[in-house]
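Structure record follows, encoded as structure tokens.
What follows is calculated from the coordinates using simple rules that are stated; it is not laboratory data. The model shown is predicted, which means the values in this text are computed figures rather than measured ones. Backbone-built Cβ (ideal geometry, glycine too); neighbour counts: all protein chains shown.
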Amino acid sequence: MEQGWLTKTFKGDRAIWGLVVLFMFYSLLAVYSSSAGVAFLKHNGNTSYFLRTQFFMLLLSVIIIVVVHYLPYRIYFSLAGLFLIISAGLLVLTFVFGSRVNEATRWLVIPGTGFSLQTSDVAKVALVIYLARSLAMYQNELNNFMHVTKYFMLPVALICGLILPENLSTAVMIFGISLVIMFVGRIPFKFLLAYVGIAVVGIILFAMLLAAFTKSNRVQVWKNRIENFVSGKEDPDGDYQSNQAKIAISTGGLFGKAPGKSTQRNMLPQSNSDFIFAIIIEEYGLLFGAIPLILAYMILLFRGITIAKKCDTAFPAYLVLGLIIMIVIQALLNMLVAVGLFPVTGQTLPMVSWGRTSVLMMSFSIGAILSVSRVVNARIKKEELPEEEKTDEGEKIYEPAKA
């Protein structure tokens, strides 16, 4: 009885549902361990503050995944343009009215709630959905440079340009994710190289103007991080986070120090978000911390590709691939930063790090992937039935082109 209820409630790819449970398990353990000391100091001795908030967010994320995975994925085709416009508007509002933290304006406080929305996370997902729709709609125009520039790169440039002034790393990451999605969508590689060149020139010009006409030290921060990473120079102040993460990883070894035994959590800033992977390795080691999580994201990528290959139309296939690429690339960047193989970017580990907007948007993304999987599974099951038992429950998408 219970198994039947679970099967009826949680539809779609079962492996992805299992991965969601695994991510949440690691999240609760790691967030509680990594943030107990900070919670004690900043929240009147309440060591479980971050655990409770993360538990609430993960509970809400399960509800979001369940609701979204029952929605017909075709609605995203119709609403992709609206999502993009709304997300761009939120980025403008953040730039003008956003809350300033650590010399950067990245959060928009929703009046009357106290909830801070990191609008770049919303824009990232909206852009991926828009690119999926555009790839499905304009498959016969992908060799036209001006057409691709108008319908693909201008929206990407708009979103990245609005994020760039306050968050270079996120803007670059979103730009890179967009290029990967377009490459998968068969946009010519020479076009993508041209866009990379234009973007590099644009960022350099922007940095020069920002340094010349404002008193902001953002350009110096970007420059220091890149120079220190490329040269390998040890800077106790500039590389403090990276150095503490390396210490956590090196002391974790193969088996870790055991849950709750981290020492670097008290010295590593953002230990429950940007650098949670280092704390997981310190406490659970390479065998029980790093490898299971890396494999989990790789399995997620594999399952996404499998779902996309089963789609009989273009949009759902590109939607799944785009969202999966977004999640996996962000996870990869977070891990590379933690082990010192990439400059500090401030990206969370999807579905594991403590967070609000990030957790909610990743949950929405997974729900959309499962929505496609649910429909695909239903179609395949229907095709396997005898002709007289088939019903008319399939879903159609607007464009006839194959993925």
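Could you compute the FRET efficiency for Phe189 and Thr306, with r as their C-beta to C-beta distance and R0 at 22 Å, rounded to 0.05?
0.30
Report the FRET efficiency, 1/(1 + (r/R0)^6), for Val67 and Phe95, where r is their Cβ-Cβ distance and R0 is 41 Å, rounded to 0.05.
0.85
Quick check for region 12-382: number of Lys pairs with alpha-carbon distance under 16 Å, counting only pairs 8 or more apart or on different chains?
7
Could you grab the relative contact order for the chain? Cα pairs under 8 Å, six or more apart, rounded to a whole percent.
Result for the chain is 26 percent.
As I understand it, the dipole of the chain uses +1 on the Cβ of Lys and Arg and -1 on the Cβ of Asp and Glu, about the Cα centre. Which of Gln264, Val125, Gln54 lies farthest toward its positive end?
Selected residue: Gln264.
Can you compute the FRET efficiency between Lys381 and Val201 using 1/(1 + (r/R0)^6), with r the Cβ-Cβ distance and R0 = 60 Å? Round to the nearest 0.05.
0.70
Say each of Asn144 and Ser116 gets a label point 7 Å from the Cα, pointing the same way as Cα to Cβ; how far apart are those two points in nm?
Distance between label points: 4.5 nm.
Fewest to most neighbouring Cβ within 10 Å: what's the order for Leu209, Leu164?
Ascending Cβ contact count within 10 Å gives the list Leu209, Leu164.
As an exercise, identify the trypsin sites (Lys or Arg not before Pro) in region 123-193 lying in DSSP coil whose Cβ has no more than 16 other Cβ atoms within 10 Å.
Loop-located and lightly packed - Arg186.
How many nm is it between the label spots at Thr7 and Ile291, if each spot is 7 Å from the Cα in line with the beta carbon?
Modelled inter-label distance: 3.4 nm.
Ranked by Cβ crowding within 10 angstrom, fewest neighbours first, how are Ser273, Ser99, Ser78, Ser363 ordered?
The order, fewest Cβ neighbours first, is Ser78, Ser99, Ser273, Ser363.
Amide H to amide H under 5 Å from Val109: which residues, 5+ apart in sequence or cross-chain, H placed 1.01 Å off N in plane?
Counting only residues 5 or more places away or on other chains, the set is Ser99, Leu117.
Please identify the longest segment of the chain free of exposed GluC sites (Glu not before Pro), where exposed means a DSSP state other than H, G, I, E or B and no more than 13 other Cβ atoms within 10 Å.
In the chain, the maximal stretch lacking such sites is 235-392.
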